[in-house]
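Read through the structure below, which is laid out as C-alpha cells, and then see the notes.
Each reported figure results from applying straightforward, stated rules to the coordinates on display, with no laboratory input. Keep in mind that this is a model prediction, so the values were computed, not measured. Heads up, the Cβs are rebuilt from the backbone with ideal geometry, glycines too, and the neighbour counts pull from every protein chain shown.
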Amino acid sequence: MSTVAVNGVVAASAAELWRVLTDLSRSRCGDRPVQLLTPGPLGPGTSWRELRTRPGGGVMAEEFVVLAAEPPRRLVLGSPGAGVDYRITWALRDFHRRGRRYASVTVTVRVQPAAATTRALALLLGGLAVRAAERVLRQDIAALAAAASAHHADAA
C-alpha cells in the first residue's frame, strides 16, 4: 500500500470548502462533468462518476463512493481503479491568521494494488507515481480554492 498526502491553505472557512467539495451538481474540483449514480443527500453510500484528465493526456472516467462524511471536517471516498483501489480523505480545519479565517486542507490518498502485477509495477515506478499523485492533489486543492472563491463571490 502507498500513501500520498498533500497539505494546503485556502482563504475560506472549512464550511465553505465543505459546501463546494460536496456539491455534486458540479465536480468537487474544477469543471469536470459529474454523473450522480445514487439519489438523495450526500452521505455514506453516495456514489458518482466524473471525467478526469490523465496525467499523460486523455480522459478517463472514475467512480467515487462516500465511505464517511463528517461535515465540515472530513470526507472519505473510495474509488475502485483498474488493478488498484483508492481511499481519498479530505480533512478540513479552520484557523485564523491576522483576523482572517482560513482552512487547512489535507488530502490523503491510500493506494492498494489489487493484483500482483500492479504491486510489482508500483514498486518499479513508485517515486514517479508519488510525484504525479502529489501534482494532481495540489491541482485539486487549487481548484477547490478557486471554486470556493467563485462560490463566495456568487453568494455576495
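Key figures
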quantity: In order through the range 8-25: 3J(HN,Hα) via Karplus (6.51 cos²θ - 1.76 cosθ + 1.60), integer Hz, x for Gly, Pro; calculated: x, 10, 10, 7, 7, 7, 4, 5, 5, 5, 4, 4, 5, 4, 9, 7, 7, 6
quantity: Under-5 Å amide H pairs with A114, H placed in peptide plane, nonlocal only; calculated: V84, D85
quantity: Within the range 42-89, chymotrypsin sites (Phe, Trp or Tyr not before Pro) in DSSP loop having at most 13 other beta-carbon neighbours inside 10 Å; calculated: none
